[in-house]
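A.B. asks: One structure, as C-alpha cells, below. Some questions next.
The values are calculated or read from the model by the stated rules, or taken from the named source; none is laboratory data. Here the structure is a predicted model, which is why all the values come from computation and not from measurement. Cβ coordinates were reconstructed from backbone atoms using ideal geometry, including for glycine residues, and neighbour counts include every protein chain displayed.
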Amino acid sequence: MNKKYLLKNATIYDGTGSNPFNGNVLIENGKIIEVGEIENVDAEIIDIKGKALAPGFIDMHSHDDIAMFVYPDMDFKLMQGVTTNVNGNCGSGTIPYSSADIVKWYPQMEGIPEWETYGEYLELVNQSKTSIHSAFLVGHGPIRKATVGNEQRMPTDKEFDLMKAWIKEGMEEGAVGLSTGLIYEPGRYSNTEELIELSKTISPYDGVYFSHMRNEAGHLIESVNETIKIGEEAGCSVEISHHKVSGEENWGKSVQSLEAIEDAQNRGLNVHSDQYPYNAGSTSLFAIVQNNAFTTGDGGMGSATGDKVLISSSSKDPSIEGKTLGDLCDEYDLPEQEAAQKLLSNDPDIFIVIEGMVEDDIARILAHPTTMIGSDGVPLPGKPHPRLYGCFPRVLGKYSREDGVISMQDAIHKMTGLSAIKSNLNDRGFIKKGLNADIVIFDEGTIIDKATYDNPRVYPDGIIHVFIDGEFAVKNGEQTDLRAGKVAKRS
Ligand SMILES: [Zn+2]
C-alpha cells in the first residue's frame, strides 16, 4: 500500500532546464499527483526547505544488465541519485544468452536460469528485486558473435535475417535502441554498411543507435562522422557514447567533434552524446593492447604509458589491483606491451583505468546542449573506476557548483528530462503531474562525489532522499530495503 507524501518547501528543478522555483510536490501510488502550492491535504509531510528536488537521474550509459542480478541493491547507482539505468551499452547485451560470456565477468551467475528471449530476460529483471529501474538496449555484440563471429566480412542474407530478428524482438519488447562497441570483439570487424543495415531495423520504433565508436583518439572526427552517417542512412536517432578525446596528441579535437554534431542537428538529424566527467576511462586491458595503445597509439584510444594505466580488477590475481602497469613493468623488467601480454596470459579479463583526457575537452563537451550524463560504471571486484559511485554528484558539485561549467538546472536537465526525451521514456524525467514519482532530494551546497581512484567504493555527499515509485529508497542518506526496480520500456 503506497503512502501519500507531501514534499514541502522544495527548490524544484523540474528537469526542463528552466530556473528552479519554490514549491511542493504531492506523490501517491507511484505517481506525481500535483506540483505547486498545495495546501490542506491529508498526507505525510516531508519538509525539505532549502533543499533541491529533481527528477530521479537517468544513467544513459549503464552496464548493469547482469550485475543487477548479482548486486540487486544497486547501491552504487541509487546512492548517487540514479533511479533508471539504460543498460546494454557498448554492444554488450543479453540475447542470445551466452553462459561463457556471463560467467566470465560474473562467476556468481554460474547455474542461474538461462533465458532464450527478451521476454524471459525482462521477466527475470522484474523478479530480481533491484533497487532501481532498468531500461535496455539491444547489444550488437552477442548477436554478431552468434552469427558472423569475429570474421571481418559482411553478414550473409541469412545472418542478417537472424540478427534483425533479434533486434526486432528487443524493440518489440520495449528496448530503447541498438548499441555497438566498435573497439571490441566482434563489433570491430563490422563495417559501416552492416551497421546501417542493422540500424534500419530500429528506425520504425523510433529507436536510438548508441555507439562506442571505432576511435576516440587520432580518428575521432572520422568516427563521429561514421556514427552520424549510420543514423542518417538508417533514419534513426544517434547517441555517441562516452564522448571524449583520448591521448594528449589529440586534445582539443572536441571543438570539431561538437561541430560535427551541430552540423548534423542543423541538417535535422537527432544526434546527441553522453559523457562521464573524469579524465580517465576504463576498459579491458585486452582491448587496449589489441588497439595498439602501447605501440602505434592509433587504434582507438590514443597512446598510453604504463604510469597512466591502473589495474582495477583481476579475478585471477587480485594482488595486482591498484598497481599501475608501470609498477609491473618495473617488477617484470619488461616494456609495457610485453608486460601487458604477460598479464593477459595469466588473466585475459583484466580491467583497467586509463588516464588520457584533458579538462578543456571535458568541460567543452559537458557544456554542450547535446550532451547527457552516463556513468559507464562497471561493478567489477577490485578498484572500479570511481564513476561507478560518483558520476552524477561530481557533475553537480564539481562541474556546476565549484567550476561553473554549467548551471545547476542545465546539469539536471542533462541527467533527467533530456535523457528521457532522447530514450522515449515518456513516463519519467520531469517533475510533472502524472509522471512516475522517481525523485531525488539533495543539498546543492554540499553535493559532491567522494569516490577516488585509490578508494572508489565511497558514496557521495549531499544526497538526502531518493524516491522510487513514490516510496523512500534512500531516506536521510541511508538506503532503505525498498526494492521497487522494474523494467522501463520505451513509450
Ligand atoms: Zn564503451
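A.B. asks: Look through Gly326, Gly299 and report the one residue that is outside the structural domain of Val86 (by TED's automatic domain parsing) and part of a loop (DSSP other than H, G, I, E, B). Walk me through how you get there before you give the answer.
C.D. replies: Values: Gly326 fails: part of a loop (DSSP other than H, G, I, E, B).
Every option except Gly299 fails the conditions.
A.B. asks: Then there is this: Kindly check whether there is at least one residue in segment 378-388 that is more than 21 Å from Ile240 (Cα to Cα), part of a loop (DSSP other than H, G, I, E, B), of a type in the set (Gly, Ala, Ser) and more than 16 Å from the ligand (Cβ to nearest atom). Before you say what the answer is, go through the steps one by one.
C.D. replies: As a first pass, look at segment 378-388 and keep what is more than 21 Å from Ile240 (Cα to Cα): 379-384, 386.
So of that shortlist, the ones also part of a loop (DSSP other than H, G, I, E, B) come out as 379-384, 386.
Applying the additional criterion that residues be of a type in the set (Gly, Ala, Ser) yields 382.
Filter once more, keeping what is more than 16 Å from the ligand (Cβ to nearest atom): 382.
Yes: one or more hits.
A.B. asks: Would a scan of segment 109-122 turn up a residue that is out of contact with any helix residue (DSSP H, G or I) (no Cβ under 7 Å at 6 or more places or on another chain) and within 16 Å of the ligand (Cβ to nearest atom)?
C.D. replies: Scanning segment 109-122, I find no residue that is out of contact with any helix residue (DSSP H, G or I) (no Cβ under 7 Å at 6 or more places or on another chain) and within 16 Å of the ligand (Cβ to nearest atom), so the answer is no.
A.B. asks: Right, next: Can you confirm whether Gly174 is touching a residue at least 60 places away in the same chain (Cβ under 8 Å), away from the ligand (no atom under 16 Å from the Cβ), surrounded by fewer than 24 Cβ atoms within 10 Å (Cβ to Cβ) and within 23 Å of the chain's Cα centre (by Cα)?
C.D. replies: yes
A.B. asks: Which of the following residues is closer than 27 Å to Ser312 by Cβ, touching a His at 6+ places or on another chain (Cβ under 8 Å) and at pLDDT 95 or above: Ser179, Ser131? Steps first, answer last, please.
C.D. replies: On the way: Ser131 fails: touching a His at 6+ places or on another chain (Cβ under 8 Å).
Going through Ser179, Ser131 in turn, just one is closer than 27 Å to Ser312 by Cβ, touching a His at 6+ places or on another chain (Cβ under 8 Å) and at pLDDT 95 or above: Ser179.
Quick grid of which residues meet (1) in contact with a helix residue (DSSP H, G or I) (Cβ under 7 Å, 6 or more places away or on another chain); (2) of a type in the set (Gly, Ala, Ser); (3) within 16 Å of the ligand (Cβ to nearest atom):
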residue: Ile58; (1), (2), (3): yes, no, no
residue: His61; (1), (2), (3): no, no, yes
residue: Asp65; (1), (2), (3): no, no, yes
residue: Asp75; (1), (2), (3): no, no, no
residue: Val82; (1), (2), (3): yes, no, no
residue: Gly93; (1), (2), (3): yes, yes, yes
residue: Pro96; (1), (2), (3): yes, no, no
residue: Ser99; (1), (2), (3): no, yes, no
residue: Ile102; (1), (2), (3): yes, no, no
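A.B. asks: While we're here: In segment 231-249, which residue that is of a type in the set (A, V, I, L, M) and over 20 Å from Met301 (Cα atoms) is nearest to the ligand (Cβ to nearest atom)? Give the steps one after another, and end with the answer.
C.D. replies: In the first step, residues of segment 231-249 are kept if they are of a type in the set (A, V, I, L, M); the result is 234, 238, 240, 245.
Next, only the ones that are over 20 Å from Met301 (Cα atoms) stay: 234, 238.
Values: Ala234: 20, Val238: 15 Å.
Looking at residues that are of a type in the set (A, V, I, L, M) and over 20 Å from Met301 (Cα atoms), I get Val238.
A.B. asks: Among the numbered criteria (1) closer than 21 Å to Leu310 by Cα; (2) away from the ligand (no atom under 14 Å from the Cβ); (3) of a type in the set (Gly, Ala, Ser); (4) modelled with pLDDT of 95 or more, which one does Gly297 miss?
C.D. replies: Of everything listed in (1) closer than 21 Å to Leu310 by Cα; (2) away from the ligand (no atom under 14 Å from the Cβ); (3) of a type in the set (Gly, Ala, Ser); (4) modelled with pLDDT of 95 or more, Gly297 misses just condition (4).
A.B. asks: Quick one: count up the residues across segment 230-253 that are without any contact (Cβ under 8 Å) to a residue 40 or more places away in the chain and of a type outside the set (D, E, K, R).
C.D. replies: Kept after step one, since they are without any contact (Cβ under 8 Å) to a residue 40 or more places away in the chain, are these residues of segment 230-253: 230, 232-235, 238, 240.
Retained after the next criterion (residues that are of a type outside the set (D, E, K, R)): 230, 234-235, 238, 240.
Counting residues in segment 230-253 that are without any contact (Cβ under 8 Å) to a residue 40 or more places away in the chain and of a type outside the set (D, E, K, R) gives 5.
A.B. asks: Please give the number of the condition Arg267 fails out of (1) at pLDDT 95 or above; (2) closer than 23 Å to Arg188 by Cβ; (3) not polar (S, T, N, Q).
C.D. replies: (2)
A.B. asks: Give the residue, chosen from Phe210, Phe160, that is of a type in the set (Phe, Trp, Tyr), at pLDDT 95 or above and either closer than 22 Å to Ser273 by Cα or exposed (fewer than 15 other Cβ atoms within 10 Å of the Cβ) (or both).
C.D. replies: Numbers: Phe160 fails: either closer than 22 Å to Ser273 by Cα or exposed (fewer than 15 other Cβ atoms within 10 Å of the Cβ) (or both).
Of Phe210, Phe160, the one residue that is of a type in the set (Phe, Trp, Tyr), at pLDDT 95 or above and either closer than 22 Å to Ser273 by Cα or exposed (fewer than 15 other Cβ atoms within 10 Å of the Cβ) (or both) is Phe210.
A.B. asks: Go through (1) more than 23 Å from Lys168 (Cα to Cα); (2) in contact with a Leu (Cβ under 6 Å, 6 or more places away or on another chain); (3) more than 16 Å from the ligand (Cβ to nearest atom) and name the single condition Gly252 misses.
C.D. replies: Answer for Gly252: the failing condition is (2).
A.B. asks: Kindly check whether there is at least one residue in segment 392-406 that is closer than 27 Å to Lys489 by Cβ, buried (at least 23 other Cβ atoms within 10 Å of the Cβ) and not assigned by TED's automatic domain parsing to the domain that holds Gly326. I'd like the intermediate steps shown before the answer.
C.D. replies: Our first condition is that a residue be closer than 27 Å to Lys489 by Cβ; within segment 392-406, this holds for 392, 395.
Now drop any that are not buried (at least 23 other Cβ atoms within 10 Å of the Cβ), which leaves 392, 395.
This time we only want the ones that are not assigned by TED's automatic domain parsing to the domain that holds Gly326, so: 392, 395.
Yes: one or more hits.
A.B. asks: Something else about it: I'd like the full set of residues that are within 16 Å of the ligand (Cβ to nearest atom) and of a type in the set (Gly, Ala, Ser), limited to segment 207-225.
C.D. replies: Across segment 207-225, the qualifying residues are Ser211, Ala217, Ser223.
A.B. asks: Oh, and also: What single numbered condition from (1) touching a residue at least 24 places away in the same chain (Cβ under 8 Å); (2) of a type in the set (A, V, I, L, M, F, W, C); (3) within 30 Å of Asn24 (Cβ to Cβ) fails to hold for Val405?
C.D. replies: (3)
A.B. asks: Can you spot a residue in segment 126-134 that is assigned to a helix (DSSP H, G or I) and either away from the ligand (no atom under 16 Å from the Cβ) or touching a strand residue (DSSP E or B) at 6+ places or on another chain (Cβ under 6 Å) (or both)? Working first, answer last.
C.D. replies: Taking segment 126-134 as the starting set, the residues that turn out to be assigned to a helix (DSSP H, G or I) are 126-127.
When the remaining residues are screened for being either away from the ligand (no atom under 16 Å from the Cβ) or touching a strand residue (DSSP E or B) at 6+ places or on another chain (Cβ under 6 Å) (or both), the result is 126-127.
Yes.
A.B. asks: Then there is this: So which residues in segment 343-377 are in a loop (DSSP other than H, G, I, E, B), closer than 30 Å to Gly17 by Cβ and more than 16 Å from the ligand (Cβ to nearest atom), if there are any at all? Can you show your working first?
C.D. replies: Residues of segment 343-377 in a loop (DSSP other than H, G, I, E, B): 347-350, 356-358, 368-370, 374-377.
So of that shortlist, the ones also closer than 30 Å to Gly17 by Cβ come out as 357-358, 368-370, 374-377.
Val358, His368, Pro369, Thr370 - these are the residues of segment 343-377 that are in a loop (DSSP other than H, G, I, E, B), closer than 30 Å to Gly17 by Cβ and more than 16 Å from the ligand (Cβ to nearest atom).
Condition check ((1) in contact (Cβ under 8 Å) with a residue 40 or more places away in the chain; (2) within 22 Å of Thr16 (Cβ to Cβ)) across all residues:
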residue: Phe430; (1), (2): yes, yes
residue: Leu435; (1), (2): yes, yes
residue: Phe472; (1), (2): no, no
residue: Lys475; (1), (2): no, no
residue: Lys486; (1), (2): yes, no
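A.B. asks: I would also like to ask the following. Could we say that Ile228 is aliphatic (A, V, I, L, M), within 16 Å of the ligand (Cβ to nearest atom) and at pLDDT 95 or above here?
C.D. replies: Values: aliphatic (A, V, I, L, M): yes; within 16 Å of the ligand (Cβ to nearest atom): no; at pLDDT 95 or above: yes.
No.
A.B. asks: Kindly indicate whether His465 is under 25 Å from Gly17 (Cβ atoms), surrounded by 24 or more Cβ atoms within 10 Å (Cβ to Cβ) and modelled with pLDDT of 95 or more. Break it down into steps so the answer makes sense when it comes.
C.D. replies: Working: under 25 Å from Gly17 (Cβ atoms): yes; surrounded by 24 or more Cβ atoms within 10 Å (Cβ to Cβ): no; modelled with pLDDT of 95 or more: yes.
No: the conditions fail for His465.
A.B. asks: Please count how many residues of segment 72-119 are surrounded by 15 or more Cβ atoms within 10 Å (Cβ to Cβ) and either among the hydrophobic types (A, V, I, L, M, F, W, C) or not in a loop (DSSP other than H, G, I, E, B) (or both). Give the derivation first.
C.D. replies: Residues of segment 72-119 surrounded by 15 or more Cβ atoms within 10 Å (Cβ to Cβ): 72-98, 101-103, 105-106, 109, 112, 115, 117-118.
Keeping just the survivors that are either among the hydrophobic types (A, V, I, L, M, F, W, C) or not in a loop (DSSP other than H, G, I, E, B) (or both) gives 74-79, 82-87, 90, 95, 101-103, 105, 109, 112, 115, 118.
Counting residues in segment 72-119 that are surrounded by 15 or more Cβ atoms within 10 Å (Cβ to Cβ) and either among the hydrophobic types (A, V, I, L, M, F, W, C) or not in a loop (DSSP other than H, G, I, E, B) (or both) gives 22.
A.B. asks: Would a scan of segment 216-238 turn up a residue that is in the same structural domain as Ser375 (by TED's automatic domain parsing), more than 30 Å from Leu425 (Cα to Cα) and crowded, with 19+ Cβ neighbours inside 10 Å?
C.D. replies: Yes; the residues of segment 216-238 include at least one that is in the same structural domain as Ser375 (by TED's automatic domain parsing), more than 30 Å from Leu425 (Cα to Cα) and crowded, with 19+ Cβ neighbours inside 10 Å.
A.B. asks: Assess whether Lys145 counts as being touching a residue at least 40 places away in the same chain (Cβ under 8 Å) and surrounded by fewer than 21 Cβ atoms within 10 Å (Cβ to Cβ). Please lay out each step first, then the result.
C.D. replies: On the way: touching a residue at least 40 places away in the same chain (Cβ under 8 Å): yes; surrounded by fewer than 21 Cβ atoms within 10 Å (Cβ to Cβ): yes.
Yes.
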